[in-house]
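Notes to accompany the following structure.
Since every read-out is calculated from the coordinates, none of them should be taken as a lab result. Quick caveat: nothing in here was measured; it's all calculated off a predicted structure. When we count neighbours, we look across all protein chains shown, and the Cβ atoms used for this are built from the backbone with ideal geometry, even at glycine.
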Ligand code: AVI
């Protein structure tokens, strides 16, 4: 049997992803597709919610430990070239704490924010030139692996930042793979700084992903609006709900879109319809929470050693310095 012919629209990554994800049992869609313009705006709102503790906790942690973190990342000889790479920098609000500290203490370094979206980097570079005009910035619009490989050939220390507990959005096997790939081009002189959200009161974790104002629900449901717009789907948002649970055994927050009635959804770009039973779910996101032991194991599996473990006063969040 020959493969079905794809129309030009269907050849997009999103279309292929939806075709596969909605044909599976259970149905899944990746949280990677949350971040269109509206999704990015809603995520900014999430980070300011009273229930969503990770962002403000990591911000406070970086403020409190900036001297020690700076010392752990910078080379011991001040003349050695030093590159601070950041994977998925976002608005750079947290990173600016470290950048400002390094500049104020005379570090000679280049900041290399890496993002697949040029638009995301443009905003960051503009705000940096206003706020930290003496900072040397070399933005790289590319994927993380390419950026690391390109930087590997440049002499000097590379310190790679992956903040915000983005690592928690990978499934365990993908996370292992990602960390190994990150570690591969690094030498013993290089460093990684990774943000991990820690396991804590399960109710507090659950509340962070099901806020009373409904912003997280809107963020999850926005994925369906995106499919309606970009793939000509006809999801009726009145018949979908956001649901989230936290499993303290696996450390996973899992988010779902729940079909509140039996329904059929047409996706025009795929020329395909999908059936949903009443209360059937689409699994849309994982946000894993970690323990210190687990972080040590993850590091070891990727050939890395934990050098420093920085936490806030409540042990909610950790920024961990790793070395090959
Ligand atoms: C981007 N990422 C670390 C967030 C998290 O906490 O997993 C995304 C998010 N999803 C719902 N709220 C926030």
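Counting each DSSP H run of 4 or more residues in the chain as -39500 (n - 2.57), what helix-only mean residue ellipticity at 222 nm follows after dividing by all residues, to the nearest 500 deg cm²/dmol? About -11500 deg cm²/dmol. When only alpha carbons are used to place a centre, segment 269-315 and segment 110-180 end up 20 Å from one another. Globularity index of the chain is 1.06 (Cα radius of gyration / 2.2 N^0.38 Å, N = number of residues). Going by neighbour counts of Cβ atoms within 10 Å, the residues 284, 187 line up, fewest first, as 187, 284. Helix 215-231 and the longest principal axis of the Cα set of the chain meet at an angle near 60°. The Rg/Rh ratio of segment 236-316, with both radii computed over alpha carbons and Rh defined as the Kirkwood radius, is 1.21.
Counting beta carbons within 10 Å around each of 151, 32, 47 and listing the fewest first gives the order 32, 47, 151. Contact order for segment 271-324, expressed relative to its length and based on alpha carbon pairs under 8 Å spaced 6+ residues apart, stands at 24 percent. Pairs of Cα atoms nearer than 8 Å and 6+ residues apart set the relative contact order; for the chain it is 21 percent. Equivalent-ellipsoid semi-axes for segment 47-129 (Cα gyration tensor, √(5λ), whole Å, largest first): 23, 18, 10. To the nearest ten degrees, helix 37-47 and the longest principal axis of the Cα atoms of the chain are 60 degrees apart.
Compared with the rule-of-thumb size 2.2 N^0.38 Å for a compact globular protein, segment 75-195 has a Cα radius of gyration ratio of 1.03. Ordered by the number of other Cβ atoms lying within 10 Å of each residue's own Cβ, fewest first, 63, 51, 86 fall into the sequence 63, 51, 86.
Could you tell me how many degrees, from 0 to 90 and to the nearest 10, lie between the Cα long axis of helix 118-131 and the main elongation axis, the longest principal axis, of the Cα atoms of the chain? Rounded to the nearest ten degrees, it is 40.
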